[in-house]
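The values are calculated or read from the model by the stated rules, or taken from the named source; none is laboratory data. All figures in this text were calculated on a predicted structure; none of them were measured in a lab. Counting neighbours? That spans all protein chains shown, and the Cβs are built from the backbone with ideal geometry, glycine included. The area values use the complete protein model at the heavy-atom level, side chains included, leaving out ligands, DNA and RNA. Shrake-Rupley method; radii C 1.70, N 1.55, O 1.52, S 1.80 Å.
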Amino acid sequence: MATQKPAASRNVRVRATAKTGAETGGSINQDSLLIYIHGVGQDEPGDQVKLKWDLALFGRDMGERSRMAYWADLVRPEVLRAGYSTASRAGDATPGISDIRQAIDEAEVPEKDQREAFRLATGMLESMGIETRRGPGMRRKILPLPSWLRGPISRAFIRALIGDTSAYFFTPGMRKKIRARLTEQLRQVGSRPVTLIAHSQGSLIAYEVLSAMAEEGITLDALITIGSPLGIQEIQDHLQPGYLEDGSLKVPAIVKRWHNFADPLDPVAMDKSLGSDFVPAGLIQDQLIVNNDTRFQWRFNPHSAVGYLAHPKVRRAVCDAARIDVLSRFVIARDVAERLDSASDERHPVLIEVLEPGYAALDENEDTMKQLEHDEQSRLEKKHVDDVPPLKLEHRITQAAAGLKKMVGQKNEAAACIDPLRRFVSARLTAGELSAVGMRHGEMRVYAVWRSSRKAKLTGRSMRVLKADAALSSFSADGADITWAVLDTGIQAGHPHFDGVIKEVWDCTKRGRPVLVKDAKDADGHGTHVAGIIAGQAKNKKDGSTRAERGVAPKTRLVVYKVLDDKGQGEDAWIIKALDHIAEQNENVTGGLAIHGLNLSLGGPFDETVYGCGFSPICAELRRLWRGGVLVVVASGNEGTLQVQTPDGDTQINSAMSIGDPANLEDCIAVGSVNADRPHLYGVSSFSSRGPTSDGRAKPDVVAPGERISSCNARYRGEKDMYYEESGTSMAAPHVSGLLAAFLSARREFRGRPDEVKKILLDSCIDIGRDRYHQGKGIPNLMQMLLAV
């Protein structure tokens, strides 16, 4: 059996027991039970809806620990049989002027009152965010109608605009049938405690059922309502058991904790607060949150159930009520799970991490694990009769990729972009396919499904700051015999600055293995600018005059990996593909390393609810390279300032804990930026991200010149525009990469020993008198490093 690997994230790998998948991988209370009740417009089977809610809340199938009180089949059985989407889906309807007139006609409003009714009803639509021509004096309030008019108008609106709610309130016998679904689920649990999660119309059903079951001895840990219309007066008018004498509704006696969540733009939860409408006052805890589907501009749906459930605050409330560890083992990461309610044909980039042989899946016990591995080995033997290799991770990667291709079908295989990597399978999957992976993770040997996060670029005076000019003269520290990888937008290989220093250029943005590029171009130019800071040297002008521009280690050989597209954007999967290739190059060389270090002048935000700080998929792969002898230099990020609104207008403030990913990795050298001319006077650049990391470690490690740095121009046309200036930690990081390449060229015995090199680097820095979390150890000093050893 393989030795235990270090935990790669908060998603801590644990040995499964003989219990079900819902019972393993965390501290789930054996007595807790989750009951869901969905809202309007549901057009999927109940088991699929339950799985989506499980994945959104917990990142895994909860098995028998959760149940769905499903009622959509009672209202629209023909829709479920046909398998198409209904037009009554909440949030999709866009009523207008014609709907108002139809509602008034159906309500038989007297002619003398129709103008007033039309004015007030139009105001209701505006309160829902629907544009209408609004007359003077029109109040932005939900159906602010007089009592004689409110009833018929609200009934007409419910019938016209919300089909499922209309059926519940007005179809004879339907209310009783729908309520029976939830009542049956609650009665089956006996004395076990229950956490009830209700979305949209489900909150109406839950309220009425819990009110009617007050004397049945049910133990309710909490009621969680999301996107609830319970605050709307016109909905309350139709509720049972109705009002108290003072006009308030009573919280059901068995409800001791009630959390209500609403998005500011949710058209169903038009009245966001329930606390003032129900007695006793103060029992309901109302919280405004931004539904995850609201912030995705490519799919605006502030009423999405999955979007609500994937929100950290909703997750925390559910986990606290049900006594479930919010950091317990998951299969689908939160930022992937929040995509589960997206359009059926929309594809999302993900990284599927495959379990190495010897590790149990979430829902396996040790005997099951051994049997599955035996079956895998048997299948392998049938394919390799003469020479049977042992079961390896690469076999599981191949099997997982084949399983995904079968799942998406030949018709969708190209769109799915299934791409086997060393430890992951990169793919673009729909919400339905993601759910299927979550359900079949055990047989597919999936450890976790991560989002393939977007990464972006982080937008000669500097040599003396690093003492690189003196080191070149005194120690011939020029980078000779050192190879450095640059992972960026590519490189303009024809630029004269790079004559003789470019070893290879690989494109990792396409499906399949990296492609070797001849006559490489760089449409964005960022990678060319970065590479020119590390290596290469300006050529003399045609008139014989010399230019000062050169790389910190001019003779360093460069292996360039295009991992960002022509707009400076990329995915984790592309970067990991390049890291895999670097690892392969080093493994195929005897007696040293093919690539001694790498530069990453790119990064992205860090979500602490998904993985531990410094333990994202990219960080895990960089850590492996570091431990294999490769120096890793990363830009700390350009998020050092935030723009905020004040009474005096917008202003910028400096932000702590702004270190991005993967700069928050411990096994790397994270580089911030300082002024290139007078670093002791001007100090750390205002834009430079600063620490500490979210888990309390000091970052950046060092700072280097990053303001107005002159380097190669990928769009040059002649001698006058060969170089241009740019600022950012993207420019600071390659200064340190070049410095380390120069050091290794003069001190060969430290090649392949990154921990020792990092210590020498930090111990030799020049302190510029700024905060440790801003400057790190200070500015590297190449002369001090060389003299120290």
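With the structure loaded, tell me whether Ile595 is hydrophobic (A, V, I, L, M, F, W, C) and either at pLDDT 90 or above or open to solvent by less than 10 Å² (accessible area, probe 1.4 Å) (or both) or whether it fails that test.
Details: hydrophobic (A, V, I, L, M, F, W, C): yes; either at pLDDT 90 or above or open to solvent by less than 10 Å² (accessible area, probe 1.4 Å) (or both): yes.
Answer is yes for this residue.
If you check Arg753 against the conditions, is it modelled with pLDDT of 95 or more and either over 20 Å from Ala480 (Cα atoms) or charged (D, E, K, R) (or both)? So Arg753 passes the test.
Test Ile760 against the criterion of being at pLDDT 90 or above, farther than 28 Å from Ala573 by Cα and under 33 Å from the mean Cα position of the chain (by Cα), and give yes or no. Show your work before the answer.
Working: at pLDDT 90 or above: yes; farther than 28 Å from Ala573 by Cα: yes; under 33 Å from the mean Cα position of the chain (by Cα): no.
No, not satisfied.
Of all residues in segment 584-619, how many are touching a strand residue (DSSP E or B) at 6+ places or on another chain (Cβ under 9 Å) and in a helix (DSSP H, G or I)? Outline the logic, then answer.
Just the residues of segment 584-619 that are touching a strand residue (DSSP E or B) at 6+ places or on another chain (Cβ under 9 Å), to begin with: 585, 593-607, 610-611, 613-614, 616-619.
Those left that are additionally in a helix (DSSP H, G or I): 585, 617-619.
Matching residues across segment 584-619 total 4.
Among the numbered conditions (1) more than 19 Å from Thr556 (Cα to Cα); (2) at pLDDT 95 or above, the only one that Leu744 does not meet is (1). Looking across segment 664-690, the residues that are part of a loop (DSSP other than H, G, I, E, B), over 20 Å from Asp607 (Cβ atoms) and open to solvent by less than 30 Å² (accessible area, probe 1.4 Å) come down to Asp667, Asn675, Ala676, Gly683, Ser685, Ser688.
Out of segment 526-583, which residues are more than 30 Å from Ala471 (Cα to Cα) and in a loop (DSSP other than H, G, I, E, B)? Listed by number, the residues that qualify are Val563, Leu564, Asp565, Asp566, Lys567, Gly568.
Just name the residue that is modelled with the lowest pLDDT out of those in segment 319-335 that are crowded, with 21+ Cβ neighbours inside 10 Å and farther than 16 Å from Ala448 by Cβ. Spell out how you get there, then give the answer.
Taking segment 319-335 and keeping what is crowded, with 21+ Cβ neighbours inside 10 Å, we get 321-322, 324, 329-334.
After this cut, where a residue has to be farther than 16 Å from Ala448 by Cβ as well, the list is 321-322, 324.
Details: Ala321: 88, Ala322: 87, Ile324: 84.
Within segment 319-335, the match that is modelled with the lowest pLDDT is Ile324.
Would segment 733-748 turn up any residue that is touching a helix residue (DSSP H, G or I) at 6+ places or on another chain (Cβ under 9 Å) and surrounded by fewer than 19 Cβ atoms within 10 Å (Cβ to Cβ)? Checked against the condition, which is being touching a helix residue (DSSP H, G or I) at 6+ places or on another chain (Cβ under 9 Å) and surrounded by fewer than 19 Cβ atoms within 10 Å (Cβ to Cβ), segment 733-748 yields at least one hit. Within segment 473-495, how many residues are touching a strand residue (DSSP E or B) at 6+ places or on another chain (Cβ under 9 Å) and not in a loop (DSSP other than H, G, I, E, B)? So the answer is 6.
A quick yes/no check of all residues on (1) under 18 Å from Thr729 (Cβ atoms); (2) at pLDDT 90 or above; (3) touching a His at 6+ places or on another chain (Cβ under 8 Å):
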position	(1), (2), (3)
Gly512	no, yes, no
His526	yes, yes, no
Lys539	no, no, yes
Glu584	no, yes, no
Asp607	no, no, no
Ser616	no, yes, no
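The single condition among (1) surrounded by fewer than 24 Cβ atoms within 10 Å (Cβ to Cβ); (2) within 30 Å of Ala480 (Cβ to Cβ); (3) in contact with a helix residue (DSSP H, G or I) (Cβ under 9 Å, 6 or more places away or on another chain) that Leu622 does not meet is (1). Within the set Thr729, Thr693, the sole residue that is closer than 27 Å to Ala548 by Cα, crowded, with 19+ Cβ neighbours inside 10 Å and of a type in the set (S, T, N, Q) turns out to be Thr729. Here the helices (runs of 4 or more DSSP H) wholly within segment 199-300 that include at least 1 residues being over 23 Å from Val318 (Cβ atoms) and either small (Gly, Ala, Ser) or at pLDDT below 85 (or both) are 201-212, 233-236. A Cβ distance below 9 Å, combined with a sequence gap of six or more or placement on separate chains, defines the contacts here; from segment 703-714, residues that are over 21 Å from Ser686 (Cβ atoms) reach residues that are open to solvent by 10 Å² or more (accessible area, probe 1.4 Å) and of a type in the set (Ser, Thr, Tyr) in the pairs Ser711/Tyr723; Ser711/Tyr724; Cys712/Tyr723; Cys712/Tyr724; Asn713/Tyr723; Asn713/Tyr724.
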